[in-house]
Structure formats: structure tokens, C-alpha cells
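Below is one structure, written out as C-alpha cells; comments come after it.
The values are calculated or read from the model by the stated rules, or taken from the named source; none is laboratory data. Treat the numbers as computed from the prediction; the structure is a model and nothing was measured. Quick reminder, even Gly has a Cβ in these numbers, built from the backbone with ideal geometry, and neighbours come from all protein chains shown.
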Amino acid sequence: MSDGYRPSRRDFLKTLPLAAVASSCGRTTPYRREDFVVPARSTMAILPASSYDADLTDVMTRGLDLLGVSVAGRRVLLKPNMVEYESKAAINTHPHVVAAAALAFQKAGAREIVVGEGPGHRRDIEYLLAGTGLDDVLQDQRLRFVDLNHDDVRQVPLKSHFTGLDSIWLPVALLESDFIVSMPKLKTHHLAGLTVSMKNLFGTVPGAVYGWPKNLLHFKGIENSIVDLAATIKPHLAIVDAIVAMEGDGPIMGQPRTMGFLAMGTDLPAVDATCARIIGLAPTKVPYLAIASRFLGNVAEGQIEQRGESPARYHTQFDVIQAIQKMRA
């Protein structure tokens, strides 16, 4: 074992009353504004990618250049979205996107590249890797994979407290990374409105501690948990797989929708807000983005500088279920 720790279920349950007491002690705001610095404008890039057979490594290398991102000498953790065993293009982050990101970061001088995921629905990680096709990528590029559901963990303080909790257990592989990349699939979500780079962080929470599908996060509110995780983990970059997206009853039961782009950015709320606008949702009506806009990143369209393609090129109106009709623009 590393210097991490594997808490027992009893250890975990002991933390809940303490968190409840802490949250009831009259905290005036759920975050300290001095802990967060939001730039006047955020930069992101929309990059055309016609198919998964395109030269996606070149696309991502151009994206890194447009954003001025450097990973030289750093340990990079790629966090894709893996949900179901089937290799359906609209459900999981496509393995070609993960492969291209690994190659792009290798070319950029990364010291080490690790792929990590903690699926919320499926526990057989070897079957999941094989079913999604990611196992082939790991073998071809000799990449190390970490099951974030069962990695050693450390307890860390939360940087915001919308869930009412003061701390959370997170995987050591995540905490020891120098550069964290959230790599979601662009999908509608029947509770959150859409699932992009911030919602993708649910897969960093260890199921061995919090159960499946990360029960505590749902008990404390989806939008609250999304914001607390993003505020605490603070990923350095988002790469959104929107070559084939999902509309309708996402994030699992929806239908594929070909979009033909990758979205990249260092400000996750800005990336997610742009993706929301592209699919016809208003960021200010998406609860987690409305919260994030207060202190975590830029959501207003005028505060986001778009490089590469204009989002208007890809604007469409996704089919959504009735529960999130109210989030339409």
C-alpha cells in the first residue's frame, strides 16, 4: 500500500454525524471567496473532428497550443467517462479520444500518463475495459489504468460545502497527479440537465467508500455534489468528446447525435456552459452551472473567449425529457 488509507464502512459512517454538526454551525457561506480566483475572461477551444478515425492527436495538439497548456514533466491523469459494458459511441468516452489524448500529452512532454475511472454503475472493471474498447488502448500504448473505485484513499477537506460536508475521501492516484484532465462524453442528463466535464468528476469518488452509484452524492443533491467536487479537485483541463453525443433520456438511455467536434478548456464551468448553449440549454437554468457561476468559473457568454471554431457552427436543439425542459434556452 502507499501512504493512503482504506477506510472501513464504519469509519465512513462515523464521518456523517460530524459533517452534519459542522454544517449546522452557522456557516455563513458554503465557500470562502478568497480560495477561488476567476479570470475576467476564460479561453476555450472548439475543434472540428469529423469522426473517430480522424487524426485526433493532431486536433488535441492544436487545442493545447490554442489554450497555451503545458504539461512538460508533469504526471497527467486522464479521467474518461465509462458507464456501460457496451462500446456504443454515445455512452462512453470513445477509446480513440483517450488514445489521442495520451499521445498528445506524450508529445507535449508529460512525464507519466495514467488513465483512471471509478464507474458508478458497473463493478467489473476488467469486463468494462474490454467492453468499451479501452483495454486495447491501454495495451497498445502501455498506459497504466487505476480503478478509482478501489484505489487507496485519503480524506481531504472540501473547498466548498454545498453538500453540507466538510471532507471527502478521494483516490491517491488522483491526489498525486500533477495535471488532471476531465474527459467526458457530451450527453443530456435526466437530473443534472447535461453531463459534461464537471459531472464527470463523480467517477473520481471511490465506490468502495461511498457505494454504487456513489450514494452519498445523490443523497446530498446532484448539483451540490458536482460543485463541491469541481471546487475541491480543480481539474486543469477538460476535453469533451462531442464527436458523437447523446440526446434524449441521457446519460444512458438516450439516442446518439452526431456533432463532430471536441471542446477543450481550462475553465470547466466555461466549457460546460458552452456545451449547454450548443445543445439548446440555458446555462443559468442548469442548477449546477448557476451555482458554479458565483465563484468557480465563467458561465456568461461574454466572459468566454472562443478559439478554433465558433460554437454557432454546431448549435442545435437536443431532444430532452420533460424533467429538464425547463432548462431550455
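Annotations
- Filter result for the condition that a residue is at pLDDT 90 or above, surrounded by 10 or more Cβ atoms within 10 Å (Cβ to Cβ), outside any helix (DSSP H, G or I) and among the polar types (S, T, N, Q), over S2, S51: S51
- Leading residue by the ranking (surrounded by the fewest Cβ atoms within 10 Å (Cβ to Cβ)) among those in the range 231-252 that are of a type in the set (V, I, T) and touching a His at 6+ places or on another chain (Cβ under 9 Å): I252
- Taking the criterion of being surrounded by 14 or more Cβ atoms within 10 Å (Cβ to Cβ) and over 19 Å from V205 (Cα atoms), the residues of the range 121-135 that qualify are A130, G131, T132, G133, L134, D135.
- Residue that is under 24 Å from G265 (Cα atoms), out of contact with any helix residue (DSSP H, G or I) (no Cβ under 6 Å at 6 or more places or on another chain) and either of a type in the set (A, V, I, L, M, F, W, C) or modelled with pLDDT of 95 or more (or both), where the choices are L170, L158: L170
- Of the strands (runs of 3 or more DSSP E) lying entirely inside the range 83-180, those containing at least 2 residues that are touching a residue at least 40 places away in the same chain (Cβ under 8 Å) and within 28 Å of L47 (Cβ to Cβ) span 112-117.
- Set L78, L134: member being over 16 Å from H236 (Cβ atoms) and not aromatic (F, W, Y): L134
- The residue that is surrounded by the fewest Cβ atoms within 10 Å (Cβ to Cβ), among those in the range 253-290 that are polar (S, T, N, Q) and under 15 Å from the mean Cα position of the chain (by Cα), is T266.
- Checklist (1) within 19 Å of P119 (Cα to Cα); (2) in contact with a Lys or Arg (Cβ under 8 Å, 6 or more places away or on another chain); (3) among the aromatic types (F, W, Y) applied to F295, failing item: (1)
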